[in-house]
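The structure under discussion appears below in the form of structure tokens.
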Ligand code: ADP
Ligand code: 5GP
């Protein structure tokens, strides 16, 4: 049996602190067919972050230059910093037949869904606002004012969940992870992407 596969673009979005990064990291570690699209951002790197692995960390000037060159598939200001998905990243990886994972905020997700209606869109929800608050505090990457801002944004973002093809509640991480994996496994078998040849 021979077979061919076409790569897909997978958009994972949802409020800040809901567990997108955690789920994406596991997906990428477990499934070699998936590749992460490294975004550009103007925010400063955190201690554990590596240039070109987690993000391309750019100055405002460099980011503006890329904007002027129409280099972004989507871009958004998220919690006061600018982030963008590079067309070059996505195009190169898709050409190689990879399944490309985007971990992006809901503004950017909407833009990708508009431009690439063939993408697979998954919205990750927290089990409650109280749990989301705890997660944002536990992660320890944002100050209390910033956390309240992110929680405020979460309500409007959750109201737009219906724009996505799939919704997954990240309460029990194992369950959420297996649901996202199952969605991806099913999407790989679509006849628009999977071409087995019977000999
Ligand atoms: P996001 O990428 O959506 O902003 P993260 O993946 O950084 O969110 O997760 C936010 C925090 O919540 C992290 O400290 C992470 O370890 C924790 N977390 C993720 N999933 C769960 C879960 N199911 N239960 C409890 N904590 C979780
Ligand atoms: P953080 O600064 O915590 O890494 O990310 C903050 C938010 O920005 C998260 O919701 C993350 O999904 C989002 N984000 C990361 N990269 C991009 C991107 O390229 N575009 C958009 N629109 N959002 C992004």
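The values are calculated or read from the model by the stated rules, or taken from the named source; none is laboratory data. Model, not experiment: these values are computed from the prediction. As a convention, Cβ positions derive from the backbone with ideal geometry for all residues, glycine included, and neighbour counts pool all protein chains shown.
Within region 47-68, identify whether any single residue is assigned to a loop (DSSP other than H, G, I, E, B), more than 14 Å from the chain's Cα centre (by Cα) and either in contact (Cβ under 8 Å) with a residue 40 or more places away in the chain or near ligand 2 (Cβ under 9 Å from one of its atoms) (or both), and answer yes or no. Yes, region 47-68 has at least one match.
I'd like the full set of residues that are within 17 Å of residue 80 (Cβ to Cβ) and either exposed (fewer than 11 other Cβ atoms within 10 Å of the Cβ) or more than 14 Å from ligand 1 (Cβ to nearest atom) (or both), limited to region 43-64. Step through it out loud before you land on a result.
Of all residues in region 43-64, those within 17 Å of residue 80 (Cβ to Cβ) come to 43-46, 55, 57-60, 63-64.
If the condition is that a residue be within 17 Å of residue 80 (Cβ to Cβ) and either exposed (fewer than 11 other Cβ atoms within 10 Å of the Cβ) or more than 14 Å from ligand 1 (Cβ to nearest atom) (or both), then 44, 45, 46, 57, 58, 59, 60, 63, 64 are the ones that fit.
Number of residues in region 1-46 that are more than 11 Å from ligand 2 (Cβ to nearest atom) and outside any loop (DSSP other than H, G, I, E, B): the value is 16.
Here's the yes/no breakdown for (1) within 16 Å of ligand 2 (Cβ to nearest atom); (2) exposed (fewer than 12 other Cβ atoms within 10 Å of the Cβ); (3) over 16 Å from the mean Cα position of the chain (by Cα); (4) within 29 Å of residue 4 (Cα to Cα):
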| position | (1), (2), (3), (4) |
| --- | --- |
| 122 | yes, no, no, yes |
| 132 | yes, no, yes, no |
| 136 | yes, no, yes, no |
| 146 | yes, no, yes, no |
| 166 | no, no, no, yes |
| 174 | no, yes, yes, no |
| 183 | no, no, no, yes |
| 190 | no, no, yes, yes |
| 197 | no, yes, yes, yes |
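Collect the residues in region 94-112 that are over 12 Å from the mean Cα position of the chain (by Cα) and under 23 Å from residue 165 (Cα atoms), keeping them in residue-number order.
Pass one, region 94-112, residues over 12 Å from the mean Cα position of the chain (by Cα): 94-99, 111.
94, 97, 98, 99, 111 - these are the residues of region 94-112 that are over 12 Å from the mean Cα position of the chain (by Cα) and under 23 Å from residue 165 (Cα atoms).
In the condition set (1) more than 24 Å from residue 10 (Cβ to Cβ); (2) at pLDDT 95 or above, residue 26 is compliant with all but (1).
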